[in-house]
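Q: A single structure is presented below for examination.
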Amino acid sequence: MRDYNSNDLIAFLEVAREKSFTRAAARLGVSTSALSHTMRGLETRLGVRLLTRTTRSVSPTEAGERLFQSIALHFDEIDAAVAQLGDARQSLSGTIRITAGDHSARTILWPKLSAMVRTHPDIKLEIVSDAGLTDIVAERFDAGVRMGEQVAKDMIAVRIGPDMRMAVVGSPEYFKKRKAPLTPQDLTSHSCINVRMPTYGGLQIWEFEKKRRDVNVRVDGPLVFSNNILSVDASLKGLGLAYVTEDQVQSQIKSGLLKRVLDDWCPPFPGYHLYYPSRRQPTRAFSLLVEALRFNSKK
């Protein structure tokens with residue numbers, strides 16, 4: 001006779017994902033005390049501790065993490081299979097969760113998906129802006145958005161945007177006082193605006209390439225931000241050089257508010273891709289979303 005039931009495991013998965021009895025209980029629609037009782041009962045029956053509890057948080061033990069990794073994907077596949085029953089009734093409905101950086105969410109996802117949501121009101125769309133490299137399986141996202149070269153090999157990747165280029169820019173006011181850099185190495189003598197990367201906590205490395213020669217520069221300056229919007233604003237104010245994707249500063253360059261340097265050191269690179277687990281069976285709603293986002297270079 002089994003020492004567990006599927007509801008126990010579903011409850012465990014929610015607690016492990018949320019790392020909180022309160023949040024997990026809210027998602028499951030039960031009380032916190034009832035959920036805690038269920039978890040203690042499951043641990044007792046299995047004879048192993050699955051969760052480490054403190055006054056502030058809860059997290060899986062080593063055994064709990066092994067169990068989570070073993071069963072999470074299977075339950076997600078069951079959810080997808082059940083959702084497909086709705087597809088068989090020709091119903092385009094369900095919730096789709098996507099994690100993406102703020103830039104891709106604003107410039108790619110929302111412009112393309114707003115029309116889909118308007119046409120199919122039964123589809124619920126959740127876009128979570130997160131610049132970190134989120135584990136979409138562990139966090140129960142249906143898909144994520146990353147640059148092409150950052151997509152894991154066990155994922156299906158669909159191109160959703162054109163090639164991109166980086167741009168180093170400064171204001172005319174800044175260049176009245178400083179000589180424009182001619183090589184990436186010249187940046188070490190300039191006041192550069194840094195961006196702290198959320199995934200690793202370190203500062204963004206400025207990457208350049210010319211004639212198959214790669215040059216990475218760690219720049220310095222008085223300002224550090226967590227997003228490029230403030231970097232561009234600081235550059236417009238003459239406070240230093242910013243390193244951003246060119247689409248974020250095209251209008252300012254064209255109008256003369258910003259001057260671009262090191263243009264020949266910034267070649268195109270693969271743009272944004274939507275990625276999702278190769279083993280997951282997509283619903284009709286998700287397939288519709290993929291097609292809505294798919295990049296067509298001929299358009």
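The values are calculated or read from the model by the stated rules, or taken from the named source; none is laboratory data. Just so you know, these numbers come straight off a predicted model, no measurement behind them. A quick note on method: Cβ atoms are made from the backbone with ideal geometry, for glycine too, and the neighbour counts reach across all protein chains shown.
Q: Name the single residue, out of those in region 247-271 being in contact with a helix residue (DSSP H, G or I) (Cβ under 8 Å, 6 or more places away or on another chain) and of a type in the set (D, E, K, R), that is nearest to residue 164 (Cα to Cα).
A: This residue is 247.
Q: Over 19 Å from residue 139 (Cβ atoms), among the acidic types (Asp, Glu) and surrounded by fewer than 14 Cβ atoms within 10 Å (Cβ to Cβ), is that true of residue 62?
A: yes
Q: Here's a check for you: in region 140-183, which residue that is modelled with pLDDT under 80 and among the charged types (D, E, K, R) is nearest to residue 266 (Cα to Cα)?
A: My answer is 149.
Q: Against the definition (surrounded by 17 or more Cβ atoms within 10 Å (Cβ to Cβ) and under 26 Å from the mean Cα position of the chain (by Cα)), how does residue 261 come out, yes or no?
A: No: the conditions fail for residue 261.
Q: If residue 238 meets every condition in (1) closer than 21 Å to residue 104 by Cα; (2) more than 26 Å from the chain's Cα centre (by Cα) apart from one, which number is that one?
A: Evaluating residue 238 over (1) closer than 21 Å to residue 104 by Cα; (2) more than 26 Å from the chain's Cα centre (by Cα) leaves (1) as the failure.
Q: Where in region 184-299 are the helices (runs of 4 or more DSSP H), entirely inside, with at least 2 residues that are closer than 30 Å to residue 120 by Cβ?
A: Correct list: 284-293.
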